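To start, the structure itself, in structure tokens.
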Amino acid sequence: MAMFIRIDLKEDAIAEAGAAAKLIEVCPVKIFAAGADDKSVSIIDDNVDECTLCDLCMEASPKGVKVVKLYEE
Amino acid sequence: MRFYEYESKKILAKYGIPFPKGGVAKTAEEAKNLAADLGGKVVVKAMVLTSSLTDRGTVREANGPDEAAKATEELLALKVGALTPVSVLVEEQVEVERELALQVTYDGVAKLPVMIASDVPRKNLDDVADDTPDRVKRRHFSTLHPMRAQTFRCKELVRSLGLGGSDLNRMTQVVSKLADAMLEYDLTVAEINALGQTKDGKFIALDVNMDMEEEGRFRQGALLEEFGIPMTETRGVRGEPTPMEREAQAIDADDPRGLISPFVEFDGNMGLVIGAGGGSLTIFDAVTRHGGKPANYAAIGGNPSVKKAQRLAKLVLSKEGVDKIAVMSNVVSNTRADLVARGVIKGVLELGLEPKEVITIFRCPGAWEADAFKILEKYGVDYCDRSVSLSEAAKRAVAKVQG
Amino acid sequence: MGILVHEDFRFIVQGITGREALNFTRECLNYGSKIIGGVTPGRGGREVYGVKVYDTVREITEQTRVDGSVITVPYQFAPDAAFEAIEAGIKEIIIITEGIQRKSAVEIIEFARQHGARVIGPNCLGVITPGVCRFGSLGGPADDCKRAFGAGCVGVMSRSGGMTTEISNALTLSGLGISTSVSIGGDPVVGSSYSDLMPLFEADEQTKAVVIYSEPGGPMEAQLAQWSKDNNSRLPIVAFVSGRFMDDMPGVSFGHAGTVVHRKVDSPAEKIRAMRAAGIAVADEIGDIPKLVKERIEAKGG
Ligand code: SF4
């Protein structure tokens, strides 16, 4: 689906930092949704190419999230 | 958004401003019946939108039902600009002693609403003011106070027109109510272009004209519903929107992020994804100046989502005879070049086309251009930066389309 | 020097947690602007890029001096936000929000006038004095902004935010540079028109010429032409009028809400005529602007 952006998640780092809720809240284009439990998040594929590269998710969970620009690879 | 006169008069009714008895007819037969019910002489008015706010097309006087039917037939067959009348308004003919003109609108220079009155009726008030300035009186008023706290301003206006006695008090009420209507219903202009005064001194609105600001549509849902005007009815003087224009509106409505409107279809073969507001006007001028034949006008602004840019590109390319698009913009600061690039490339690819074949030029420098350039390079799309002026970019794109 | 802002200009952002506000708050900070607080009701106590968020404007103005506010709240809330800022004593108000009711825009402007405050916008992007202060979202990311707006001698006023940057960029590339650029807004009624701001440029020593970008619709160009005739200004003015293709399409709006032509005087052709008659140079192509400015400055002996 997404052609330009990929979001890499490290589930355990997110859970450890308790960052799931924060991720859902900070992303301005709703790329993160609630995961299986309240410690994890899932990715809404349809929204990934909308990523504004605002870095708020990576600030919220520096170890748990990485935003990759596919056009730079 | 323009109102037909019968709708404007429904607004007057809410404020108790009197107007002649009458009704709307869509056929000669209906008009005949209306005229019969009204009895006596009637006035038949074509309901059609024109580019001038004041001149709403043609009016006929008719003596009795048969004449009314004949007048209606003639009026409904008229061609006024791109439009034909949708119906006629049949009204009783009211005997009046004199006629005045009254308008409330906004004064963009003073940045205040203003009420304007004249003893020259049935003319464009701006023209009257140009030709005979002393016959047009103005009074600014305030948006911060309710009309009941500034009726004196209406009174001052009426007095300056030379009215006194009970005429003064009666007309003051009309002015104040009309101003109320303007503020309440998001009108940009509310005009009684012929305000008659009958023998017994009463004022009656003979000729009425109102325009609501376009954004008012979203706030005045109740009024539009009452009038039976669907949200999709555009009321443009260019006529009904084309299916492509409708589709563009739908795309805009689906997603609040950014705007791709206004979108207007033209006859040419060069698809335009251009923006934003002012940039679009400048680019469209530049394209036509260099001999290009635009297939459409589209403004992208307010930082549209990737999806929106994608759908816009697809829409433009779906038009018969359009196989190339130009993506051009002024130096952007809010709208992001990279998101636009993502969107248009995604749109082109979804149609199974090659971005580097289809996109003649991408000139969208500014916010996030470095990322945009990387994306464009990856897909081999011809792009230029800010050192290439808009006129130059338009020229290059036109040359490619014309091959 | 430039106009409206200065080295120590301190402002707040109302609606700071919105998508666009987040963007430009970060870019203003990167540019070096002094954003000393943000307001979003119900979000008090948070921080955005190190800027504290409050629930009310007064919580900020009671502690410290605030020179300006940038309003980016949704249109329904814009009048209230503007009243709040004005009543708290803020004097320079930029309203970025689009789609504000005409009545509400006038309410805000009236209220500001009564309180000695100035409104720029609505439907504008703000103000930049290069290297001094960026006040609003004009210019995009800080680095782009620095490229497009280089310090110099030309004042810019534009009814289109995007064209403010386009023209400023061309003037910067030509070596003339910018004293202050103001995106004045594209709505039919805006708080500050060309002729409202002309006296400020007139009083600014750095400014040697003024460029305006104009569009179909509205009386603002006729007003500037009149101003120009009435005031023997030291500043040459160069104008560009877009939307000439609309001359054949009365009653239709293509660009901003303000572009609809209802009256003869609103049309591009008539604006060009009136401005030329008042001694204002009107560029035929957008790319001609820098050349015309240079000629006019030389003609004035600058
Ligand atoms: S960078 Fe911003 S937009 Fe992208 S996923 Fe993270 S929070 Fe969402």
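Name every residue in region A:44-73 that is β-branched (Val, Ile, Thr), near the ligand (Cβ under 9 Å from one of its atoms) and either farther than 25 Å from B:Glu377 by Cβ or surrounded by 18 or more Cβ atoms within 10 Å (Cβ to Cβ) (or both), in order of residue number. Quick ask: steps written out before the conclusion?
Within region A:44-73, the subset β-branched (Val, Ile, Thr) is A:44, A:48, A:52, A:65, A:67-68.
Right, trim to near the ligand (Cβ under 9 Å from one of its atoms) and you get A:48, A:52, A:65, A:67.
Within region A:44-73, A:Val48, A:Thr52, A:Val65 qualify.
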Criterion (under 28 Å from B:Phe141 (Cα atoms) and not aliphatic (A, V, I, L, M)) met by exactly one of C:Arg113, C:Arg65, C:Arg19 = C:Arg113
task = State yes or no: is B:Ile274 within 14 Å of another protein chain (Cβ to nearest Cβ) and either touching a Phe, Trp or Tyr at 6+ places or on another chain (Cβ under 9 Å) or modelled with pLDDT of 90 or more (or both)?
result = yes
request  = Just give me the residues in region C:58-76 being at pLDDT 95 or above and more than 18 Å from C:Leu22 (Cα to Cα), in sequence order.
outcome  = C:Arg58, C:Glu59, C:Ile60, C:Thr61, C:Glu62, C:Gln63, C:Thr64, C:Arg65, C:Val66, C:Asp67
ask   = Mind checking which pairs have a first residue in region A:29-44 that is in contact (Cβ under 8 Å) with a residue 40 or more places away in the chain and a second that is more than 15 Å from the ligand (Cβ to nearest atom), Cβ under 9 Å, 6 or more apart or different chains?
value = none
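Yes/no matrix, rows are residues, columns are (1) among the basic types (Lys, Arg); (2) at pLDDT 95 or above; (3) within 23 Å of B:Met210 (Cβ to Cβ); (4) surrounded by 15 or more Cβ atoms within 10 Å (Cβ to Cβ):
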| position | (1), (2), (3), (4) |
| --- | --- |
| B:Lys79 | yes, no, no, no |
| B:Leu83 | no, no, yes, yes |
| B:Val86 | no, no, yes, no |
| B:Val109 | no, no, yes, yes |
| B:Val114 | no, yes, yes, yes |
| B:Arg153 | yes, yes, yes, yes |
| B:Val158 | no, yes, yes, yes |
| B:Gly162 | no, yes, no, no |
| B:Gln173 | no, yes, yes, yes |
query = Considering region C:146-160 alone, what residues qualify as being part of a helix (DSSP H, G or I) and within 7 Å of chain B (Cβ to nearest Cβ)?
reply = C:Ala148
query = Inside region B:277-298, can you point out the residues that are more than 7 Å from chain C (Cβ to nearest Cβ), within 22 Å of the chain's Cα centre (by Cα) and at pLDDT below 90?
reply = B:Ala298
key: Candidates C:Gly2, C:Gly38, C:Gly42 - the one that is on the phi > 0 side of the Ramachandran plot and either assigned to a helix (DSSP H, G or I) or more than 18 Å from the chain's Cα centre (by Cα) (or both)   = C:Gly42
inquiry  = Let me confirm something: among C:Ser192, C:Ser242, C:Ser183, which residue is at pLDDT 95 or above, buried (at least 18 other Cβ atoms within 10 Å of the Cβ), within 25 Å of B:Asp126 (Cβ to Cβ) and within 11 Å of chain B (Cβ to nearest Cβ)?
reply    = C:Ser192
message = When the residues of region B:332-350 are narrowed to those that are surrounded by fewer than 24 Cβ atoms within 10 Å (Cβ to Cβ) and at the interface with another protein chain (Cβ under 8 Å from one of its Cβ atoms), which ends up nearest to C:Asn169 (Cα to Cα)?
response = B:Asn334
request  = Could you check region B:1-110 for strands (runs of 3 or more DSSP E) lying wholly inside it with 3 or more residues that are within 14 Å of chain C (Cβ to nearest Cβ)?
outcome  = B:98-107
note = Among helices (runs of 4 or more DSSP H) entirely within region B:163-273, at least 1 residues that are in contact with a strand residue (DSSP E or B) (Cβ under 7 Å, 6 or more places away or on another chain) occur in B:165-184, B:243-254
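The values are calculated or read from the model by the stated rules, or taken from the named source; none is laboratory data. Here the structure is a predicted model, which means the values were calculated and not measured. Positions of Cβ are backbone-derived with ideal geometry, glycine not excepted, and every protein chain shown enters the neighbour counts.
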